[in-house]
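*Asks:* Just passing along the structure, written as structure tokens.
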Amino acid sequence: DRIVIDSAPLGPIGDTLSVARLADMLCLVVRSGKTTSKVVLRIIDYLHRHGHTPSGIVLNFLRNKLMILIKI
């Protein structure tokens, strides 16, 4: 069985890190053309400093409407 927890963005909301502690796996969802690589790297660094390693990144809202998973 799998349970998916959708939470608020990690950047502006600190409560998301509390939810992350309960999860076995983290996957970041970033918006193409809106979320910059600088922000993604800052969030990954923040997660690493708190003992979490994202399993991957989902890139959504691509122009050709494809969703791809990029393994870190």
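*Asks:* Just to be sure I understand the filter: pairs with C-beta atoms under 8 Å, separated by 6 or more residues or on different chains, first member in region 32-55 and closer than 16 Å to Pro9 by Cα, second member assigned to a helix (DSSP H, G or I) and modelled with pLDDT of 90 or more. Which pairs pass?
*Replies:* So the pair list comes out as Pro54/Ile44.
*Asks:* Can you find a residue that is under 22 Å from Leu62 (Cα atoms) and surrounded by 11 or more Cβ atoms within 10 Å (Cβ to Cβ) anywhere in region 10-23?
*Replies:* Within region 10-23, one or more residues are under 22 Å from Leu62 (Cα atoms) and surrounded by 11 or more Cβ atoms within 10 Å (Cβ to Cβ).
*Asks:* Also, I was wondering about something else. Cβ-Cβ below 6 Å, separation at least six or inter-chain, first residue in region 2-15 and under 15 Å from Leu47 (Cβ atoms), second assigned to a loop (DSSP other than H, G, I, E, B) and modelled with pLDDT of 80 or more: which pairs?
*Replies:* Within 6 Å, no pair qualifies.
*Asks:* Do you know which residues across region 27-59 are open to solvent by 80 Å² or more (accessible area, probe 1.4 Å), out of contact with any helix residue (DSSP H, G or I) (no Cβ under 8 Å at 6 or more places or on another chain) and not in a helix (DSSP H, G or I)?
*Replies:* Hits for region 27-59 are Val29, Arg31, Gly33, Lys34.
The values are calculated or read from the model by the stated rules, or taken from the named source; none is laboratory data. What you see is a predicted model; the values in this text were computed from it and never measured. Virtual Cβ from ideal backbone geometry, glycine too; neighbours counted across all protein chains shown. Each accessible area value is taken on the protein alone, full model and side chains, heavy atoms only, with ligands, DNA and RNA left out. Shrake-Rupley method; radii C 1.70, N 1.55, O 1.52, S 1.80 Å.
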